[in-house]
Amino acid sequence: MPWIRWINRIEATGPVKETYSKWLTNNPGRNEIPEILKCFSLRPDLLSSVIDISYPLQFSDGFLTRRQKEMIATYVSALNGCRY
């Protein structure tokens, strides 16, 4: 299994800390950054871009609610044996 180095929230500084803080503010009730986002933390510009592009597409309400989309994503990740 591949191992990806990332920056945890408590270790984050500068742009990564700012992006993590913004994400937490925009996702009330969540107290930790998802590991899939942490995978981009060594490239703060890419981390910010991934959030800016993917979240409106994946998690805005439409035909399916955000909750339904997250359940599908979690199920697919489990089927793929993805730990994060």
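Throughout, read-outs are computed from the coordinates displayed, never taken from laboratory work. All of these numbers come straight from a predicted model, not from anything done at the bench. Ideal geometry is used to build each Cβ from the backbone, glycine not excepted, and the neighbour counts take in all protein chains shown.
General remarks:
- Summed over the stretch 62-84, the residues that are surrounded by fewer than 10 Cβ atoms within 10 Å (Cβ to Cβ) and in contact (Cβ under 8 Å) with a residue 12 or more places away in the chain give a count of 1.
- Any hit, the stretch 45-59, residues being outside any helix (DSSP H, G or I) and surrounded by 11 or more Cβ atoms within 10 Å (Cβ to Cβ): no
- Picking from residues in the stretch 15-33 that are surrounded by 13 or more Cβ atoms within 10 Å (Cβ to Cβ) and not hydroxyl-bearing (Ser, Thr, Tyr), the one that is farthest from residue 5 (Cα to Cα) is 27.
- When residues of the stretch 1-30 are limited to those that are assigned to a loop (DSSP other than H, G, I, E, B) and either of a type in the set (A, V, I, L, M, F, W, C) or under 12 Å from the mean Cα position of the chain (by Cα) (or both), the one nearest to residue 80 (Cα to Cα): 1
- Residue in the stretch 60-84 that is nearest to residue 28 (Cα to Cα), counting only those that are small (Gly, Ala, Ser) and assigned to a loop (DSSP other than H, G, I, E, B): 60
- Any chance residue 36 is surrounded by 13 or more Cβ atoms within 10 Å (Cβ to Cβ), outside any loop (DSSP other than H, G, I, E, B), at negative phi and among the hydrophobic types (A, V, I, L, M, F, W, C): yes
- Matching residues, the stretch 43-54, being hydroxyl-bearing (Ser, Thr, Tyr) and in contact (Cβ under 8 Å) with a residue 12 or more places away in the chain: 48
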